[in-house]
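Note sheet for the following structure.
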Amino acid sequence: MTDESSPAPAPSKHDRFNARLGIALFVLYLAFYAGFVLINAFRPDWMDTIVAAGLNLAVVYGFALIVFAIVLSLIYGVCCRVGGES
């Protein structure tokens, strides 16, 4: 059992860095995703535009969202690991 009467330890400098970094990367991804949603909401005809290798904007943007999420998660993992060693 845990002792619920003892106060939780204060977050460390490293924990605060990780939280700020996570929020910043989330906001970056949110802006990229909002662009996708706004194009679909207000200019859906743009999604039919062929942009690369016979693929339309909807497919290219959709794959870019997936790849961007993976890249951001790798950046977060590397930055948190490096920040934790100092």
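The values are calculated or read from the model by the stated rules, or taken from the named source; none is laboratory data. This structure is a prediction, so every number in the text was calculated from the model and none was measured. We place every Cβ from the backbone using ideal geometry, glycine too, and count neighbours over all the protein chains shown. Calculation scope for accessible area: heavy atoms of the full protein, side chains included, ligands and nucleic acids excluded. Shrake-Rupley method; radii C 1.70, N 1.55, O 1.52, S 1.80 Å.
Below, the figures for the structure above:
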{"quantity": "Per-peptide average of other Cβ atoms within 10 Å, ordering 57-65, 26-34 highest first", "calculated": "57-65, 26-34"}
{"quantity": "Distance in nm between pseudo-label sites at Asn40 and Ala19 (7 Å out along the Cβ direction from Cα)", "calculated": "3.2 nm"}
{"quantity": "Length released on extending from Tyr33 to Ile50, taking residue separation times 0.36 nm less the Cα-Cα span", "calculated": "4.1 nm"}
{"quantity": "Apportionment of accessible area to carbon and sulfur, the chain, percent (1.4 Å)", "calculated": "71 percent"}
{"quantity": "Using alpha-carbon coordinates, inclination of helix 57-85 to the longest axis of the chain, degrees", "calculated": "20 degrees"}
{"quantity": "Cα-only radius of gyration and Dmax that characterise the chain, units Å", "calculated": "19.6, 63"}
{"quantity": "Accessible surface, the chain, averaged per residue in Å² (probe 1.4 Å)", "calculated": "77 Å²"}
{"quantity": "Degrees, to the nearest 10: 13-42 long Cα axis against longest axis of the chain", "calculated": "20 degrees"}
